[in-house]
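Right, one structure below, let's go through it.
The values are calculated or read from the model by the stated rules, or taken from the named source; none is laboratory data. All values derive from a computational prediction rather than experimental measurement. So basically every Cβ, Gly included, is an ideal-geometry build from the backbone, and we count neighbours across all protein chains shown.
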Amino acid sequence: MKGTSQAPHCDVVVVGAGPTGLLLAGDLARAGLRVTVLEKLSEPSAMPKANAVIGQAARLLQHRGIHRRLGFARMPDPSPLFQFGGLALTLSLSPYDRLHGIRVTQQQLEQALAERAAEAGVTTRRGCEVLNLIDDQQMVSVRFRDRTAEEQTVAARYVVGCDGAHSDVRRIMGIGFPGVTDDDVVSRSADAVVAAASVSAGQSLVEVPGVGSLGLYGWNRTERGAWSMMPRGDGTVLISAMEWPAGDDTTDAAPVTFAEVAQALDRVVGAHVPVQPPTLPGPHQLRRWRGRNTRIASAYRRGRVLLAGDAAHVHNAVGAPGLNVGLQDAACLAWRLAAAVQGHSDALGGYETDRRPAAERVVMHSQVQTLLLSPDSAVTSLRELLGELFEEPAVVSRLIRMLEGSEVTYPAEPADHSLVGTFVPELTKIDELLDDARPTLIDLRGGQEITPEGVTTVCMPVAEPPAALILVRSDGYVAWACDSVKPDELADLERTARRLSGARQAQLES
């Protein structure tokens with residue numbers, strides 16, 4: 001189709017108002033772009049979903065002050081304990097690495113991100129279903145049906161599909177979604193209330209006759225499957241059971257009931273667990289699903305249309321990686337789109353290069369964690385071996401880096417400083433000093449003031465700095481660093497700063 005001289009209505013249309021789409025929209029608007037969000041649902045979903053953000057995603061939220069919007073005066077202390085495939089992981093064994101986390105429901109997070117986006121000037125339209133996308137190489141026309149059933153069109157320079165695993169954007173653009181669906185496991189979950197008489201006083205334990213004390217956190221494996229009971233914070237717990245039946249006769253079309261989920265929990269535990277349906281108003285989770293989807297989009301970009309979050313990759317939810325990797329997709333894409341809108345189109349070329357390896361790693365370790373929960377004698381032996389390895393500090397450190405996402409580094413040139421392409425080092429208060437809308441230059445020497453245009457400069461002398469100067473992108477990754485301040489180093493700094501902050505400068509000057 002030939003180009004058109006029609007002016008775009010906005011710079012970016014984000015399809016999907018989940019955490020990934022809202023973080024992206026807020027970041028883009030904070031960088032000076034005009035952003036419209038189109039969401040199919042008429043109202044925010046009240047259905048319980050994810051309940052925590054961990055690792056680098058948690059630090060990204062801290063960079064943006066989201067933790068304060070969620071009621072935290074400061075970031076919660078790193079957790080001393082975690083799980084991997086239902087195996088206990090004593091994080092305190094690691095002498096250096098720490099796993100940050102924010103316990104928050106997805107609904108609370110979406111509300112905080114929506115407020116931030118609105119304050120930055122984002123227009124959000126709900127009840128809008130995307131029908132078609134036409135990319136004429138200059139802009140993208142988005143045809144959608146609004147909540148009144150009227151069809152409308154909005155034009156944007158770029159469109160980003162953050163519309164989930166069943167993405168309309170991905171389907172319309174004809175982007176493949178290769179992967180596998182395993183049908184060998186049936187999962188069930190429901191919100192429930194534990195009988196008060198069965199809860200140990202002052203402890204997160206449930207007493208089950210014939211079994212003993214069951215913990216209220218994490219996954220547990222038995223010879224019949226895997227189960228978990230996770231407190232919601234409102235007096236309810238999310239009960240979940242995974243079974244690998246030889247011949248399950250439950251049809252997917254049959255409506256799921258609370259009794260069905262409770263009975264599955266009893267089967268896996270091997271005794272009756274005293275749970276009851278919630279008495280408080282809902283909605284409450286009540287689900288049954290068969291199989292596990294593991295898929296990654298064949299491309300993260302087609303022309304002026306891009307994908308992020310579950311629209312680009314899906315995987316098993318064990319370990320809760322989906323929300324975390326989606327938020328990091330958004331942060332990585334935001335600064336690149338801001339630069340592209342101002343004519344630096346080459347900035348988008350590195351998006352998939354950066355983020356596909358992260359999705360591949362998440363797919364890998366989520367599959368491993370699910371395998372470790374399956375009831376098989378060979379898996380039992382594997383768990384025994386891993387249990388021994390998990391007592392080694394070096395192994396725990398490696399797992400922490402994998403779970404938080406720091407083992408995935410972004411491409412750098414051979415001549416670059418060793419910090420380039422890595423997530424910003426964890427230094428005192430550094431997360432609170434970074435700018436969420438433009439690059440931040442961190443001066444760790446406390447020397448003469450250096451202030452490249454379009455960059456926030458922070459002076460923070462430390463005793464043993466990992467570098468003299470560090471330029472950090474708005475997604476938290478190091479774009480440039482040096483050990484000594486020389487004229488050629490400063491010239492390189494200026495070039496990198498212009499490439500990263502050009503969009504912000506242009507908007508402020510217009």
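Checking residue 293 against (1) touching a residue at least 60 places away in the same chain (Cβ under 8 Å); (2) within 30 Å of residue 349 (Cβ to Cβ); (3) crowded, with 17+ Cβ neighbours inside 10 Å: exactly one of these is not met. Which one? Unmet condition: (3).
Look through region 306-340, keep the residues that are β-branched (Val, Ile, Thr) and touching a helix residue (DSSP H, G or I) at 6+ places or on another chain (Cβ under 6 Å), and return whichever of them is farthest from residue 219 (Cα to Cα).
Step one: of region 306-340, the residues β-branched (Val, Ile, Thr) are 314, 318, 325.
Restricting the remaining residues to those that are touching a helix residue (DSSP H, G or I) at 6+ places or on another chain (Cβ under 6 Å) gives 318, 325.
Working: 318: 9, 325: 21 Å.
So, considering only residues that are β-branched (Val, Ile, Thr) and touching a helix residue (DSSP H, G or I) at 6+ places or on another chain (Cβ under 6 Å), the one farthest from residue 219 (Cα to Cα) is 325.
With the condition kept exactly as written, say whether any residue in region 151-167 is of a type outside the set (Lys, Arg), at positive phi and either assigned by the TED database to the domain that holds residue 340 or at pLDDT 95 or above (or both). Checking region 151-167: at least one residue is of a type outside the set (Lys, Arg), at positive phi and either assigned by the TED database to the domain that holds residue 340 or at pLDDT 95 or above (or both).
Against the definition (outside any loop (DSSP other than H, G, I, E, B), of a type outside the set (Lys, Arg), surrounded by fewer than 20 Cβ atoms within 10 Å (Cβ to Cβ) and at pLDDT below 90), how does residue 488 come out, yes or no? Show your work before the answer.
Details: outside any loop (DSSP other than H, G, I, E, B): yes; of a type outside the set (Lys, Arg): yes; surrounded by fewer than 20 Cβ atoms within 10 Å (Cβ to Cβ): yes; at pLDDT below 90: yes.
Criteria met by residue 488.
Checking each residue in region 143-161 for being in a strand (DSSP E or B), over 15 Å from residue 304 (Cβ atoms) and touching a residue at least 60 places away in the same chain (Cβ under 8 Å) picks out only 144.
Taking residue 22 as the residue in question, decide whether it is of a type outside the set (S, T, N, Q), out of contact with any helix residue (DSSP H, G or I) (no Cβ under 8 Å at 6 or more places or on another chain), within 16 Å of residue 126 (Cβ to Cβ) and in the same structural domain as residue 148 (by the TED database).
On the way: of a type outside the set (S, T, N, Q): yes; out of contact with any helix residue (DSSP H, G or I) (no Cβ under 8 Å at 6 or more places or on another chain): no; within 16 Å of residue 126 (Cβ to Cβ): yes; in the same structural domain as residue 148 (by the TED database): yes.
So residue 22 fails the test.
Quick one: would you say residue 497 is in a helix (DSSP H, G or I), touching a residue at least 40 places away in the same chain (Cβ under 8 Å) and surrounded by 17 or more Cβ atoms within 10 Å (Cβ to Cβ)? So residue 497 fits the description; yes. Looking for something modelled with pLDDT of 80 or more, buried (at least 22 other Cβ atoms within 10 Å of the Cβ) and polar (S, T, N, Q) - is there at least one such residue anywhere in region 455-476? Checking region 455-476: at least one residue is modelled with pLDDT of 80 or more, buried (at least 22 other Cβ atoms within 10 Å of the Cβ) and polar (S, T, N, Q).
Inside region 8-37, residues that are farther than 21 Å from residue 57 by Cβ and of a type in the set (S, T, N, Q) make up a count of 1.
Restricting attention to region 62-86, which residues are within 25 Å of residue 372 (Cβ to Cβ) and out of contact with any Phe, Trp or Tyr (no Cβ under 6 Å at 6 or more places or on another chain)?
Our first condition is that a residue be within 25 Å of residue 372 (Cβ to Cβ); within region 62-86, this holds for 78-86.
Within region 62-86, 78, 79, 80, 81, 82, 83, 84, 85 qualify.
Exactly one residue out of 378, 412, 347, 339 is farther than 23 Å from residue 58 by Cα, without any contact (Cβ under 8 Å) to a residue 40 or more places away in the chain and surrounded by 15 or more Cβ atoms within 10 Å (Cβ to Cβ), and it is 412.
Which residues, taken from region 266-299, are hydroxyl-bearing (Ser, Thr, Tyr) and farther than 24 Å from residue 318 by Cβ?
If we filter region 266-299 for residues that are hydroxyl-bearing (Ser, Thr, Tyr), which is where we start, we get 279, 294, 298.
279, 298, listed by residue number.
The lone criterion from (1) farther than 29 Å from residue 243 by Cβ; (2) surrounded by 19 or more Cβ atoms within 10 Å (Cβ to Cβ); (3) not charged (D, E, K, R) left unmet by residue 298 is number (2). Pairs only if they're at least six apart or on different chains, beta carbon under 9 angstrom, first in region 86-110 and in contact (Cβ under 8 Å) with a residue 40 or more places away in the chain and over 18 Å from residue 63 (Cα atoms), second in a helix (DSSP H, G or I) and of a type in the set (Gly, Ala, Ser); list them, first residue then second. Final answer for the pair search is 87/387; 88/387; 93/397; 94/394; 94/397; 95/397; 96/397; 97/397.
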